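Single-structure report; data block below.
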Amino acid sequence: MKDTRLSKLQPSDLDLGEGHPQLLLAEQDQLPKLVELLRRTLSADEIERASRFRFERDRLHFTAARGILRQILGNLLKIEAGRVRFRYSEYGKPSLSAEFDSSRLKFNISHSGGRLLMAFAIGREIGVDIEHIRPDFATYDIAERFFSASEVQRLRSLPSAFHTEAFFNCWTRKEAYIKAIGEGLSMPLDTFDVSLGEEPRFLACRDGREDPAKWSMLDVSPGPEFVGAVAMRAHGVKVKRFRLEGC
């Protein structure tokens, strides 16, 4: 019998049939009883991974994130959350195990500041990133380390009032792209350019591996003091957003 406390983590109106990605926003801070229910759906390696976190809050956040992801994937695959199985790329990107290949279901997940953002799509790799805005992090030193030369130049040209927002626009868009292609920070971040302004765009790819015109980048509005972005190798993508009830 399905526990009603988990039903709120299975939105019935989530439908990927139209071919557009679906985004879900949730909180990692959950009631202890719900976290325990979510923990019961985790695999042994996920439980062991959670135990490696030094602080209790981080252990609870990881458990909640993985448990919620399992609830959503189980709902889409029409199986129990505990039966969902993952595999990992050489760069650590999770995907569904081979037994679910026929579903063509792709997903990505990001979390920051206790907030969780998940993206789901059919047949196309997708990347998503969410960041809690921290003005002290948005420095030129960090930009010069992780952004391309043209992105740094654009950042320096902006009035100081727009600096922090532009920094995190750039950061989340770059993260979403490298997560979509599955290479994470192993990919040199100065080999491609994204926009820093209100319109999210993939501007240039100097290593020639991708055609920016074939990509869609979209901003997500995860709430005050947060910035989010999604990247997908598809043109003209629209997204549908959900916020999990009670989360």
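The values are calculated or read from the model by the stated rules, or taken from the named source; none is laboratory data. Bear in mind the structure is a predicted one, so any value in this text is a computation, not a measurement. Virtual Cβ from ideal backbone geometry, glycine too; neighbours counted across all protein chains shown. Just the protein is used for accessible areas: all its heavy atoms, side chains included, with ligands, DNA and RNA removed. Shrake-Rupley method; radii C 1.70, N 1.55, O 1.52, S 1.80 Å.
Can you tell me what share of the DSSP beta bridges in the chain is antiparallel? A percent to the nearest 5 is fine.
Numbers: 32 of 36 bridges.
Taking every DSSP beta bridge with both residues in the chain, the antiparallel ones total about 90 percent.
Per-residue HN-Hα couplings for the stretch 228-235, Karplus 6.51 cos²θ - 1.76 cosθ + 1.60 at θ = phi - 60°, whole Hz, x for Gly and Pro?
Result, rounded to whole Hz: x, 8, 10, 10, 8, 7, 6, 9.
What size of dipole, in debye to the nearest 20, comes out for the stretch 110-188 about its Cα centre when the only charges are +1 on Lys and Arg C-beta atoms and -1 on Asp and Glu C-beta atoms? Please list the in-between numbers first.
Values: 9 positive and 10 negative charges, 27 e Å.
Dipole of the stretch 110-188, to the nearest 20 debye: 120 debye.
K214 accessible area, nearest 10 Å², 1.4 Å probe?
Counting only protein heavy atoms, the figure is 130 Å².
Using the heavy atoms of the protein chains and a 1.4 angstrom probe, tell me the accessible area per residue for the chain in square angstrom.
Working: 12800 Å² over 247 residues.
Averaged over the residues of the chain, the accessible area is 52 Å².
Please report the relative contact order for the stretch 27-102, taking Cα pairs under 8 Å with a sequence separation of at least 6, and give it as a percent rounded to a whole number. Present the calculation step by step, with values, prior to reporting the outcome.
On the way: 72 pairs, mean separation 19.0, N = 76.
About 25 percent, as a whole number.
Just to be sure I follow: if Rg is taken over the C-alpha atoms of the stretch 187-247 and Rh is the Kirkwood radius over the same atoms, what is Rg/Rh? Intermediate results must be reported in sequence, preceding the final value.
On the way: Rg = 13.8 Å, Rh = 13.3 Å.
That ratio is 1.04, to two decimals.
Given charges of +1 on the Cβ of Lys and Arg and -1 on the Cβ of Asp and Glu, with all other atoms neutral, how large is the dipole of the chain about its Cα centre, in debye to the nearest 20?
Details: 38 positive and 36 negative charges, 155 e Å.
Value, rounded to 20: 740 debye.
Round to a whole number: what % of the accessible area of the stretch 83-182 belongs to carbon and sulfur, probe 1.4 Å?
Values: 2260 of 4710 Å².
It is 48 percent, rounded to a whole number.
Straight-line reach from K179: which aspartates and glutamates have Cα under 16 Å away, leaving out those fewer than 8 places along the same chain?
Output for K179: E90, E125, D129, E131, D190, D193, E210, D219.
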